[in-house]
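Participant: Please find one structure pasted underneath; my questions will follow.
FYI, it's all coordinate maths here, none of it is from the lab. Note that the structure is predicted; figures quoted are calculated from it, not measured. Positions of Cβ are generated from backbone atoms using ideal geometry, with glycine treated the same way; all protein chains shown enter the neighbour counts.
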Amino acid sequence: MSNKIDALIEKEVKAIFKIDTFTKQAIPISNEINESLPIKITETNFFKIISEDALQGFYYLGHAYGKADYFDFIVIFDKNLVVSKVKILVYREDHGGEVGSTRWLKQFIGKITTDNLIYQKDIAAISGATISAKSMTNEVNKLFRTIAILNTKKQL
């Protein structure tokens, strides 16, 4: 992961939780459980956010596909696994960048891991960014299912 992405994540986490410093802790998941997950959890994509020895929340660093290339995003959850922020970190295409707009991404805030978001119903469509917007909605749904399974199996 690049220093630029690390810096963007750090800035977002500090702003959401109103903290000056934090450590990220990878969440170890057994191979057996990981096999059953819609999204494989690794030491580089899902973290606990710890500040002053207390759990603040979690974040997931993911990838979704646009028309011709993938883009990087983060989903930040509070300690109760409610979405606090979704942000596109790197968008690599000429078209569809509207998917990164703060206004559109705000639709995910407050969602919980038992939600199943339906594009064009729960999440508004974006003209000119249909593929990216659908892809982002699908990835968030897969993340929700993954976290719900981990929570059920007492992994978080």
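Participant: List the number of the failed condition for K85; all other conditions in (1) touching a strand residue (DSSP E or B) at 6+ places or on another chain (Cβ under 9 Å); (2) part of a helix (DSSP H, G or I); (3) charged (D, E, K, R) hold.
Facilitator: (2)
Participant: Assess whether H95 counts as being out of contact with any strand residue (DSSP E or B) (no Cβ under 6 Å at 6 or more places or on another chain) and either surrounded by fewer than 16 Cβ atoms within 10 Å (Cβ to Cβ) or not in a helix (DSSP H, G or I) (or both).
Facilitator: Details: out of contact with any strand residue (DSSP E or B) (no Cβ under 6 Å at 6 or more places or on another chain): yes; either surrounded by fewer than 16 Cβ atoms within 10 Å (Cβ to Cβ) or not in a helix (DSSP H, G or I) (or both): yes.
So H95 fits the description; yes.
Participant: Another one. Report, by residue number, each residue of segment 104-124 that is out of contact with any Asp or Glu (no Cβ under 9 Å at 6 or more places or on another chain) and surrounded by 14 or more Cβ atoms within 10 Å (Cβ to Cβ).
Facilitator: Within segment 104-124, L105, F108, T113, L117, Y119, I123 qualify.
Participant: For segment 132-146, give me each residue that is within 23 Å of H95 (Cα to Cα) and buried (at least 17 other Cβ atoms within 10 Å of the Cβ).
Facilitator: Residues satisfying the conditions are S132, A133, K134, S135, M136, T137, E139, V140.
Participant: Can you tell me how many residues within segment 50-82 are not in a strand (DSSP E or B) and not polar (S, T, N, Q)?
Facilitator: Here the count works out to 8.
Participant: Assuming D115 fulfils every condition listed in (1) farther than 18 Å from F144 by Cα; (2) acidic (D, E); (3) in contact (Cβ under 8 Å) with a residue 12 or more places away in the chain; (4) in a loop (DSSP other than H, G, I, E, B) apart from one, which condition is it?
Facilitator: It fails just one condition, (1).
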